[in-house]
Amino acid sequence: MFLLTTSLRRLAASAVLLLLMQGAQAARPQSEFPLREVLLSDVAQPIERKEIEVVVFIAPESCTPKTHESTWGTIVSSDNTSLFKSWACRAYVDAAKDPKEEFAFVPMPPAFKRPSILHTVQGLPASTTGRRYVALIDWKYADTTLGKCNSFGCYSSLVMLIETVVYDRVAAKTIWHSIETTRAAMKGLSYDVKEANRIGPLHVAITLNAIIERKTVQQAEEQGMRRTTALEPSNVPGQAGTALNKKANLIFFNRMPQETVDSEKFDSGRKFYDIQSSHLQGRAKKTSYYNDSKTHVALELPPGTYEIAFYKDRKTFDIKENGPPVYLSFDNGIFSTISINELSPQKALELTQDSLNALLPELTPVAYPLRARKQQWTQP
């Protein structure tokens, strides 16, 4: 682990964004990551935040911004991008010292990264936390918007690409591997610990929450809300299935519009919703899910009447014993409502060709490895 010196901390904290004149903008790069994809999920038991050590790979020099002294004797940024990235770097270092932080953040030089998950874990220094699980975090930027000001104040934002691995030291195996694209933003034109948390540690925590929340998903599964795939597995290894999964009697597609290139306009199309059922017990009576754009949820449900609720937008449907499956999609409706549409089997199969499973690893035509991803780690 490395720590900034006091002088560098003061320098970074006192530096402010130098607002540059906006000239011609270069073409923004397209993210090579999907909005969200689960590559491996093998979480067999509940996991708490206090059990996870979070290793974030950070180059020490990236925490030091490029600065110079202005005509008025103040320290200002020589390079806005360098300054903004230094704030994200510092945010991880500050999170590592925060006694209220339940995850144990451990900044680590990139030299400890290896091509495979196993070799990276084996090459890490001995843990000082004694926690069972270690999360490996690889993060980088696809796009940044710096020092944007309006009548409500100034902010900076970025599109962050995050690859997350969770390794169980006791069982000696990887239990989670995911990649995603997300937007982070902070207010103001100078470093603030709480605001800077939003452009790094907070989004890592949100990603890891998908593992923490597996407890409630598993409880709902035990009581009838079983996760599955939208497609039948192919008989040919390494190829996506070509038929809908007969066991999936509910498949729900998110077709909300999304933008992954511009950090000012970024929108994942993510929507939260509940599936409610009066005939099931416990967690299965009301189960919460979320989908990003171009993802789907496939479930194997017991017979009965269900209601999908997006706040005030609701739809009721019946699942019958040996009856036809229900295929639904949601999109923008009028006046900020959700448009929930019933699909034919043919249309549902068509949508799987451009969709990722939001809950489980599933090989669809757009999933890894059929669609190449620039990943940091290979399994195991």
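Selection of the range 95-107 for residues being within 20 Å of V170 (Cβ to Cβ) and assigned to a strand (DSSP E or B) yields A104, V106. Are any of the residues in the range 83-97 out of contact with any Gly (no Cβ under 9 Å at 6 or more places or on another chain), free of Cβ contacts under 8 Å to residues at least 40 places away in the same chain and either within 19 Å of Y167 (Cβ to Cβ) or of a type outside the set (K, R) (or both)? No, there is no match, as no residue in the range 83-97 is out of contact with any Gly (no Cβ under 9 Å at 6 or more places or on another chain), free of Cβ contacts under 8 Å to residues at least 40 places away in the same chain and either within 19 Å of Y167 (Cβ to Cβ) or of a type outside the set (K, R) (or both).
Within the range 255-278, the only residue that satisfies the criterion of being open to solvent by less than 70 Å² (accessible area, probe 1.4 Å) and without any contact (Cβ under 8 Å) to a residue 12 or more places away in the chain is E259. Is it the case, given these coordinates, that G147 is on the phi > 0 side of the Ramachandran plot and surrounded by 14 or more Cβ atoms within 10 Å (Cβ to Cβ)? Spelling it out, G147 is indeed on the phi > 0 side of the Ramachandran plot and surrounded by 14 or more Cβ atoms within 10 Å (Cβ to Cβ).
Within the range 346-380, the set of residues being among the polar types (S, T, N, Q), assigned to a loop (DSSP other than H, G, I, E, B) and surrounded by fewer than 16 Cβ atoms within 10 Å (Cβ to Cβ) comprises Q353, Q379. Would you check if Q281 is modelled with pLDDT under 95, surrounded by fewer than 22 Cβ atoms within 10 Å (Cβ to Cβ) and touching a Lys or Arg at 6+ places or on another chain (Cβ under 6 Å)? For Q281, the condition - modelled with pLDDT under 95, surrounded by fewer than 22 Cβ atoms within 10 Å (Cβ to Cβ) and touching a Lys or Arg at 6+ places or on another chain (Cβ under 6 Å) - is not met.
If you go through the range 306-345 and pick out every residue that is open to solvent by 70 Å² or more (accessible area, probe 1.4 Å) and more than 30 Å from the chain's Cα centre (by Cα), you end up with 5. Candidates are the residues of the range 113-161 that are closer than 30 Å to D79 by Cα and outside any strand (DSSP E or B); the one that is farthest from the chain's Cα centre (by Cα) is S151.
Please indicate, with yes or no, whether at least one residue in the range 201-211 is among the small types (G, A, S), open to solvent by less than 10 Å² (accessible area, probe 1.4 Å), at pLDDT 95 or above and within 27 Å of P302 (Cα to Cα).
Restricting attention to the range 201-211, the residues satisfying the condition of being among the small types (G, A, S) are 205, 210.
Narrowing further to those that are open to solvent by less than 10 Å² (accessible area, probe 1.4 Å): 210.
Then drop every residue that is not at pLDDT 95 or above, which leaves none.
No, that holds for no residue.
Restricted to the range 57-93, and to residues that are of a type in the set (D, E, K, R) and under 23 Å from S263 (Cβ atoms), which residue is surrounded by the most Cβ atoms within 10 Å (Cβ to Cβ)? Show your work before the answer.
Let us first name the residues in the range 57-93 that are of a type in the set (D, E, K, R), namely 61, 66, 69, 79, 85, 90.
Subsequent filtering for residues that are under 23 Å from S263 (Cβ atoms) retains 66, 79, 85, 90.
On the way: K66: 13, D79: 16, K85: 20, R90: 25.
The selected residue is R90.
If you scan the range 222-234, which residues turn out to be open to solvent by less than 50 Å² (accessible area, probe 1.4 Å) and of a type outside the set (A, V, I, L, M, F, W, C)? Before you say what the answer is, go through the steps one by one.
Going through the range 222-234, the residues open to solvent by less than 50 Å² (accessible area, probe 1.4 Å) turn out to be 224-225, 227-231, 234.
G224, R227, T228, T229, S234, listed by residue number.
Every condition in (1) touching a Pro at 6+ places or on another chain (Cβ under 9 Å); (2) under 28 Å from F84 (Cα atoms); (3) at pLDDT 95 or above holds for T174 except the one numbered (2).
Just one of (1) touching a residue at least 12 places away in the same chain (Cβ under 8 Å); (2) open to solvent by less than 60 Å² (accessible area, probe 1.4 Å); (3) not hydroxyl-bearing (S, T, Y) fails for G123. It is (1).
Could you please let me know if P110 is free of Cβ contacts under 8 Å to residues at least 60 places away in the same chain and within 30 Å of A172 (Cβ to Cβ)? In short, yes.
The values are calculated or read from the model by the stated rules, or taken from the named source; none is laboratory data. Remember, it's a predicted structure, so these values are computed and weren't measured experimentally. Cβ atoms come from the backbone with ideal geometry, glycine included; neighbour counts cover every protein chain shown. We work out accessible area using only protein heavy atoms, side chains counted, and drop any ligands, DNA or RNA first. Shrake-Rupley method; radii C 1.70, N 1.55, O 1.52, S 1.80 Å.
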